[in-house]
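The values are calculated or read from the model by the stated rules, or taken from the named source; none is laboratory data. Predicted model, so just to flag it, every value in this text is computed and none were measured. Glycine also receives a Cβ, built like all others from the backbone with ideal geometry; neighbour counts cover every protein chain displayed. What goes into the accessible areas is simple: the full protein's heavy atoms, side chains included, and nothing from ligands, DNA or RNA. Shrake-Rupley method; radii C 1.70, N 1.55, O 1.52, S 1.80 Å.
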Amino acid sequence: MKSALVLGAVSLCILAGCSSGSKLDDAPVYLTARRAQSQLTLQDPTGQAPNAATPQGANPGAGSGAGTVAAVAGTTPNVQVNTPAAKRVPPRIDVAPITGYVDLDREIGAISFENAYTRIVVRSELWEFSGASAGESDEVQPLPYSRRGWMERYLVAQKDDMNLSVKVRIGDYDETVPLAIIGANSDRNGEAWSRELTHDAASFPWFLVRAGGAGVVPRVVTEFNGSRAWESGVAATALQVALGAIKIMSPQATVITTLSAPATRDKANAIDQVISKLFSSRLVERHASDRSLARWSPTGGLNIKLNIPLRGADWNGDVGTVGGWTISFEAPRPSLFSDWYLCSPEVATKRCKATLSTAAAEALNKPSASAILAYPLLRTAGSELTIKSYLLQQSWYASAQSAFSGNQQSDAWIAHGLCLSIADSVIALGLNYIDATLVTWAAMEGMQHSKVAHALAWKNAPACLAASGKIT
């Protein structure tokens, strides 16, 4: 009887489509042999007997892949087996496991940046300070300052370095911001650790978003560099020193103009070159995004997560989450010389309006001529270039002052040309038409002019009247 059961089982496996190398246990249904009214039963994994009474007209092979074998003595079993082919779902692959990238803005924003100023804003979300988000562990595990024995340090010098940075390019403006610098050096001279994290950063220059221009689509690139070397020296420490030297030597701009754009671009390139040289043998993960400012909102942005190995530079080992940074842009403002912003909806407790025209009207209300003229365009180690000093450096400004003769009619045309030149030069610098109006008015009100000029020259000059007429 036992041999008959084995033979019946082999026959069922052949009918069910078993391969020659497969085991009976691997068949799509489980075979159970039992002595009950001389009948063999195929049972499905649920434990139900598929050979139970089947309603008339029903398909005995339908259901969970079960079939029925009636092996009455002296007859041939009738086997019906339904074995749908299992579909293999390919796993999702994370090709950049050290860094994460999340776009927080999916829809067109309610605020237009065009013809207004904005600047880069970096907000951190580091677990040790902000806590965990929903669905994440709230346990904070410290990254130890691991030491090695003196003999190991004497024989082999070990250096681990990690750096996360973000580079933003908008038209002619480039900015590189290091977000995290983590380094450890262990050699015969001792052990040294270097860890630097950027939290909130907003001290970046303002730039004008021109309507339909290249500045409407910023390019944001985040890059992680990690290296392990068996040598002496700490790249992370060298990077910190290099960054400090670059900041001291580079001119500092409060607004991106044709004067400051080359300096900011050179500073960003210098930082990129330092990172590239110090991390010449490295692991690199990079995320890049080109996205119109129409999809940016002051509360959104691009969120970058950083994971680091729990043990040194073991990139294939267990990692822990440091946290993240959100790269965004500040709410747009119509003028450099006013703290009125654009917002939607309007908030009564904030100095903001829903449209550029209404916010500009607030900026044009009771401005300060002295504050406008003293606004710094560029700062260097020992000097500062203000709006006033920039105008005084222009040859056309000095020529106009010397051309005044005291004649009312001719002086009015000279003043008209002077106001036009002031507005044109402000536009050429990279400022908008609102600030061109404010600077023209401030120059009339706050700068010293030729004593020979007729007293009514400014009031009779069309361009000067157009500028002063917009001030309320």
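With θ taken as phi - 60° and the coefficients 6.51, -1.76 and 1.60, list the Karplus ³J(HN,Hα) couplings across the stretch 451-465 in order, rounded to whole Hz; mark glycine and proline as x.
These are the phi-based 3J(HN,Hα) values: 5, 7, 4, 5, 4, 9, 4, 6, 6, 9, 8, x, 5, 5, 5 Hz.
TRP296's amide H: which non-local residues (gap 5+, or another chain) put their own amide H closer than 5 Å, with H modeled 1.01 Å from N in plane and none for Pro or chain starts?
Placed amide hydrogens put GLY109 under 5 Å from TRP296.
Give me the distance in nm between label points sitting 7 Å out from Cα along the Cα-to-Cβ direction at ARG188 and VAL89, one decimal.
That separation, rounded to one decimal, is 5.7 nm.
Would you please give the residues with an amide H less than 5 Å from that of LEU179, counting only those at least 5 places away or on a separate chain, with H modeled from the backbone geometry?
Result for LEU179 returns LEU164, SER165, VAL166.
Starting from the Cα of ALA110, step 7 Å along the direction of its Cβ; do the same at GLN393; then give the gap between the two resulting points in nm.
The answer from the label model is 4.3 nm.
Given a Förster radius of 51 Å and the C-beta distance between ASN407 and ASP339 as r, what FRET efficiency does 1/(1 + (r/R0)^6) yield to the nearest 0.05?
Details: r = 42 Å, r/R0 = 0.83.
Computed FRET efficiency for ASN407 and ASP339: 0.75.
Each residue of the stretch 430-443 in turn: what ³J(HN,Hα) in whole Hz from Karplus with 6.51, -1.76, 1.60 and θ = phi - 60°, glycine and Pro shown as x?
For the stretch 430-443, the Karplus-derived couplings read x, 9, 8, 5, 5, 6, 4, 5, 5, 5, 4, 5, 5, 5 Hz, x marking Gly and Pro.
So for the pair SER203, VAL140, with labels modelled 7 Å out along Cα→Cβ, what separation do we get in nm?
2.4 nm
Cβ neighbours within 10 Å, averaged per peptide: list 179-185, 354-360 in order, most packed at the top. Working shown, then result.
Numbers: 179-185: 22.7, 354-360: 17.6.
Result, highest mean first: 179-185, 354-360.
If each residue of separation counts as 0.36 nm, what is the full-extension length gain between TYR101 and SER370 once their alpha-carbon separation is subtracted? All intermediate terms of the calculation are to be shown ahead of the outcome.
Values: separation 269, 0.36 × 269 = 96.84 nm, distance 4.54 nm.
So the chain would gain 92.3 nm between TYR101 and SER370.
Rolling a 1.4 angstrom probe over the protein heavy atoms, how many square angstrom per residue are accessible across the stretch 369-428? Write out the running numbers ahead of the final one.
Values: 2940 Å² over 60 residues.
Computed with neighbouring chains in place, this is 49 Å² per residue.
Search the structure for amide H atoms under 5 Å from the amide H of VAL121, placed 1.01 Å from N in the peptide plane, and list their residues when 5 or more places away or on another chain.
SER328, PHE329, GLU330
At a 10 angstrom cut-off on C-beta neighbours, averaged per residue, how do the peptides 187-193, 219-225 rank from highest to lowest?
Values: 187-193: 14.3, 219-225: 20.1.
Per-residue Cβ counts within 10 Å, averaged per peptide and sorted highest first, yield 219-225, 187-193.
Would you list ASP103, ASP318 from the most to the least accessible area, probe 1.4 Å? Let's see the in-between values first.
Numbers: ASP103 25, ASP318 100 Å².
Ranked list, largest accessible area first: ASP318, ASP103.
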